[in-house]
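First up is the structure itself, then whatever we jot down about it.
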Amino acid sequence: MLRRPRRNRKSQAVRSAIAETYIGEQHMIMPLFLVLGSGIKDQIASLPMAYRWSLDTMMNEIGECLLLGIDKFIIFPAIPEDLKDKTATYSYDPDNFYLQAATKIKEKYPTVCLISDVAMDPYSSDGHDGLVRDGKIVNDETLPILAKMAVAQAEAGFDIIGPSDMMDGRVEIIRLALDAAGYTDTSIMSYTAKYASALYGPFRDALDSVPKVGDKKTYQMDPSNINEALIEAQLDMEEGADFIMIKPALHYLDVIRELKTSFSMPTVAYHVSGECAMLYAACANGWLDRKKMVPETLLSIRRAGADLVISYFAKEFAESLH
Ligand code: PBG
């Protein structure tokens, strides 16, 4: 045999010399759930490696992550039911605890990169990402609300705005609103290809954000489609997105690869709650080895083409590197 591929696998030294993909702390984004109050670290039953934090305990968690080399955080608020309404007015209220938290986090840790969530669902009494009228999610009337929310978040200190709502035209209206308010340096990480997936269940448990009626299929994408993902990415790029995102990750690795190859944009994959919960459960049963599974999983997402990975295992992964 002239060709023996096994020669290039014969030792760790040779294997590491030809390794094509590397994933480190700098590629990870840590999602965190914020609640009102103090002294709270509330484990999420269907996502046991994640917690609902109050600002004080979240500060400590962010401090620990920074020591491990994780400096990017995406923060989601759990809004009390009595602050929700049909038009999500609390989302841009100056008293909003989520906005205030961002300001305080940036004061204490100026080097962190904070990513926001733009969508109506955490603040909407209907539990939908857009405005509900006669049982329909109306697109164009939702846009000014999203723009207002984004400007309030930029003002609060968020470095990157993360529209997760899937309304048409939202990246453009957010970009124009940010620029008009002077936030030309605030970035946009668009949830470009967000599929109508059953894998968001634990996240909705964490935030109590299940839609009150219906589902999200008129705005989130059909899992059978990839052509639509190309259209969405094209639009997001033209509308001024700085990062494009694919979500979920593992079941959509083909979409990650396709968008990375087609657009060469900074590409983010969201290893969502249901994916992390499955992995956690199998490992908790002793069926899979978590120490090996977490790095292999995250590496696979990078290999598919993701520059950055959002995962509830980000901190655990960083710990494993130290
Ligand atoms: C809401 C939003 C969702 C996620 C991120 N932002 C859920 C949804 O669309 O219902 C899901 C993330 C996860 O499952 O980890 N706009």
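Residues of segment 242-266 that are more than 16 Å from the ligand (Cβ to nearest atom), within 18 Å of the chain's Cα centre (by Cα) and not in a helix (DSSP H, G or I): 242, 265, 266.
Among the residues of segment 271-300, those identified as within 16 Å of the ligand (Cβ to nearest atom), in contact (Cβ under 8 Å) with a residue 60 or more places away in the chain and within 17 Å of residue 316 (Cβ to Cβ) are 272, 273, 275, 276, 277, 280, 298. One residue stands out in segment 113-162 among those that are within 13 Å of the ligand (Cβ to nearest atom) and acidic (Asp, Glu): the one that is farthest from residue 62 (Cα to Cα), namely 126. Only one of the listed residues (88, 119, 45) is of a type in the set (A, V, I, L, M) and within 16 Å of the chain's Cα centre (by Cα). That residue is 119.
For segment 168-187, a residue qualifies if it is open to solvent by less than 10 Å² (accessible area, probe 1.4 Å) and within 16 Å of the ligand (Cβ to nearest atom), and the qualifying residues are 170, 171, 174. Of the residues making up segment 267-322, those that are more than 21 Å from residue 206 (Cα to Cα), outside any helix (DSSP H, G or I) and modelled with pLDDT of 95 or more are 267, 268, 285, 286, 287, 288, 289, 305, 306, 307, 308. Residue count for segment 146-165 satisfying the condition of being in a helix (DSSP H, G or I) and either basic (Lys, Arg) or open to solvent by 20 Å² or more (accessible area, probe 1.4 Å) (or both): 3.
Do we have residue 190 as of a type outside the set (A, V, I, L, M), within 13 Å of the ligand (Cβ to nearest atom) and part of a helix (DSSP H, G or I) here? No: the conditions fail for residue 190.
In a residue-by-residue description of segment 82-97, the property of being within 21 Å of residue 51 (Cβ to Cβ) and buried (at least 22 other Cβ atoms within 10 Å of the Cβ) applies to no position.
Residues of segment 193-225 that are among the aliphatic types (A, V, I, L, M), within 11 Å of the ligand (Cβ to nearest atom), over 21 Å from residue 253 (Cα atoms) and open to solvent by 50 Å² or more (accessible area, probe 1.4 Å): 210 alone.
For residue 237, state whether it is within 14 Å of the ligand (Cβ to nearest atom) and either closer than 30 Å to residue 44 by Cα or open to solvent by 50 Å² or more (accessible area, probe 1.4 Å) (or both).
no
The values are calculated or read from the model by the stated rules, or taken from the named source; none is laboratory data. All values reported here derive from a predicted model rather than from experimental measurement. Neighbour counts run over all protein chains shown; Cβ positions are idealised from the backbone, glycine included. Note: areas computed on protein heavy atoms with side chains; ligands, DNA, RNA excluded. Shrake-Rupley method; radii C 1.70, N 1.55, O 1.52, S 1.80 Å.
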